[in-house]
Amino acid sequence: MKTASGVTLITNGQLLDGNGGSPVPDAAVVVRDGRIVYAGPVREAPPADPQATHIDARGGTIMPGLVEAHFHPTYFNVAALEDLDIKYPVEYVTLLAAANAKLALQCGYTAARSGGSLFNIDVWLKKAIENGVCPGPRMAASGREICGVGGLMDWNPDFRKIGMEGLVLLVNGPNEARAAVRKLVKDGVEWVKTYPTGDAAAPDTNDHHTLCMTFDEMNAVVQTAHNHGLKVTGHCRATAGIKNALRAGYDAIEHGTFMDAETLDLLLARDVPCVPALYFEYASIERGPDYGMSQRVIDGHKETLEAGAESARMVLRAGGRLGMGGDYGFAWNPHGDYARELTFFVRYVGLNPLEVIRCATRTGAEIMGRGNEFGTLEPGKLADLLVVEGDPVADIAVLEDRGRFLLVMFAGTPISEKTGVGSRIGP
Ligand SMILES: [Zn+2]
């Protein structure tokens with residue numbers, strides 16, 4: 001991935017560095033050759049380089065690019081579980097994924113961690129972005145997901161004889177779990193995404209209290225993945241499923257819905273991050289009826305929303321880490337709405353905006369294992385940053401509105417800007 005050359009100076013805005021502290025008023029950020037060299041009060045900034053390009057933040061906010069911690073690039077207008085798999089041919093899904101990646105970047109998401117993908121598309125999408133073939137966030141890829149036979153993601157009936165060819169590798173027992181991970185190793189993923197539990201979406205056979213993989217299968221996944229340097233995460237709603245994942249050595253937990261005190265202790269013991277993805281639940285409750293969602297499913301989402309919100313508060317209060325990301329790509333929760341997750345965590349879950357922004361920037365980068373490269377605005381980090389009109393601390397929802405982004409900068413290069421970039425400080 002190329003970084004920009006030259007010097008850029010951004011002034012006339014407050015600085016949110018992503019570490020969760022109070023904003024620095026009247027700040028300056030200096031970028032040289034795609035990396036931050038200064039971020040702090042303008043009065044302490046180094047002397048301005050006469051060749052620097054000057055960007056006026058117009059009294060707004062300078063902050064790190066956002067990290068979508070649970071990104072499904074291949075989901076598009078999903079209105080039923082069946083739409084997640086082979087609704088479209090691989091050719092079209094690949095194009096959709098490229099469009100979703102471009103949209104995410106335009107929405108200020110300069111990094112994204114895949115939560116699972118059809119046909120290994122995210123692995124190649126990541127390569128394409130890194131090679132400058134198409135625009136998109138820095139990515140961590142997951143490829144196809146692993147689920148037990150008969151579990152949440154095994155919905156195609158056997159008489160159709162199509163298995164789950166697109167999205168999921170189905171396993172029966174630890175040997176097949178190992179084989180599935182070995183296939184993903186060859187595919188080139190970084191994260192192995194699994195399904196330890198069911199979900200409110202499937203109340204008849206695999207609801208949110210149902211286990212979809214055994215501990216032995218999960219343990220085999222982790223041993224094999226770690227042997228090859230991959231990380232493991234999983235869709236974990238039921239308490240027993242979260243515990244199995246943590247005891248098996250999972251590196252992250254998706255959702256973490258029904259946590260109890262013992263689960264929280266297991267999570268904190270290894271500082272395992274959790275990505276609750278809660279706005280999806282809310283959107284399902286609010287807009288699901290428009291798409292024919294049954295009352296049973298909606299009731300299940302209400303249960304997982306309330307429990308998930310309480311678990312998220314517990315994790316942060318106890319000093320744990322949350323990532324912000326949210327299963328976007330459903331009909332009622334489309335790509336482009338990513339920052340609604342942040343607004344939801346402030347207004348509904350009751351977190352402080354500075355905490356939520358830290359979760360969506362620094363913690364997101366940490367979850368991707370790249371906290372030393374981006375996620376905060378500090379010297380040495382990549383210049384992945386946003387200049388936003390207004391104050392997200394006072395009103396987090398300004399981050400939902402792309403019209404308020406004065407600048408999205410990716411490794412020092414403006415991706416989109418309304419600031420009149422190009423004005424020189426010197427002659
Ligand atoms: Zn997901």
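What are the pairs, 6+ residues apart or on separate chains, where a residue within region 311-329 that is away from the ligand (no atom under 16 Å from the Cβ) has its Cβ under 7 Å from a residue that is among the polar types (S, T, N, Q) and open to solvent by less than 10 Å² (accessible area, probe 1.4 Å)?
311/257; 321/363
Being farther than 19 Å from residue 122 by Cβ and part of a helix (DSSP H, G or I) is the filter here; which residues of region 175-206 pass it?
175, 176, 177, 178, 179
With the structure loaded, tell me whether residue 125 is in contact with a strand residue (DSSP E or B) (Cβ under 9 Å, 6 or more places away or on another chain) and at pLDDT below 95 or whether it fails that test.
Judged against the criteria, residue 125 is not a match.
Please state which of the following conditions residue 43 fails to meet, knowing it meets all the rest: (1) of a type in the set (D, E, K, R); (2) within 16 Å of the ligand (Cβ to nearest atom); (3) surrounded by fewer than 16 Cβ atoms within 10 Å (Cβ to Cβ).
The failed condition is (2).
Would region 245-257 turn up any residue that is open to solvent by 50 Å² or more (accessible area, probe 1.4 Å) and in contact (Cβ under 8 Å) with a residue 40 or more places away in the chain?
For region 245-257, residues open to solvent by 50 Å² or more (accessible area, probe 1.4 Å) and in contact (Cβ under 8 Å) with a residue 40 or more places away in the chain: absent.
Pairs, please: C-beta under 8 Å, at least 6 apart or cross-chain, first residue touching a residue at least 40 places away in the same chain (Cβ under 8 Å) and of a type in the set (D, E, K, R) and in region 182-211, second buried (at least 24 other Cβ atoms within 10 Å of the Cβ) and part of a strand (DSSP E or B)?
193/114; 193/145; 193/146; 193/233; 193/234; 193/235; 193/254; 199/235
Which ones in region 117-128 are open to solvent by 10 Å² or more (accessible area, probe 1.4 Å) and in contact (Cβ under 8 Å) with a residue 60 or more places away in the chain?
Once the filter is applied, which keeps residues that are open to solvent by 10 Å² or more (accessible area, probe 1.4 Å) and in contact (Cβ under 8 Å) with a residue 60 or more places away in the chain, region 117-128 yields only 120.
Identify the residue in region 104-120 that is away from the ligand (no atom under 15 Å from the Cβ) and closer than 27 Å to residue 163 by Cβ and, among all such residues, is modelled with the lowest pLDDT.
Step by step, filter region 104-120, then rank; the result is 119.
Check 202, 245, 261 and return the single one that is within 21 Å of residue 69 (Cα to Cα) and either modelled with pLDDT under 95 or not aromatic (Phe, Trp, Tyr) (or both).
Matching residue, one of 202, 245, 261: 245.
Restricting the search to region 384-395, which residues are buried (at least 17 other Cβ atoms within 10 Å of the Cβ) and either in contact with a Phe, Trp or Tyr (Cβ under 8 Å, 6 or more places away or on another chain) or without any contact (Cβ under 8 Å) to a residue 24 or more places away in the chain (or both)?
Hits for region 384-395 are 384, 386, 387, 388, 389.
Specify the residue that is farthest from the ligand (Cβ to nearest atom); the eligible residues are those in region 268-300 that are among the aromatic types (Phe, Trp, Tyr) and within 23 Å of residue 236 (Cβ to Cβ).
Checking each candidate, the answer is 282.
Restricting attention to region 350-365, does a residue exist that is in contact with a Lys or Arg (Cβ under 6 Å, 6 or more places away or on another chain) and open to solvent by 40 Å² or more (accessible area, probe 1.4 Å)?
For region 350-365, residues in contact with a Lys or Arg (Cβ under 6 Å, 6 or more places away or on another chain) and open to solvent by 40 Å² or more (accessible area, probe 1.4 Å): absent.
The values are calculated or read from the model by the stated rules, or taken from the named source; none is laboratory data. The shown structure was predicted, so the numbers you read here are calculated from the model rather than taken from an experiment. Positions of Cβ are generated from backbone atoms using ideal geometry, with glycine treated the same way; all protein chains shown enter the neighbour counts. With ligands, DNA and RNA removed, areas are computed over all heavy atoms of the protein, side chains included. Shrake-Rupley method; radii C 1.70, N 1.55, O 1.52, S 1.80 Å.
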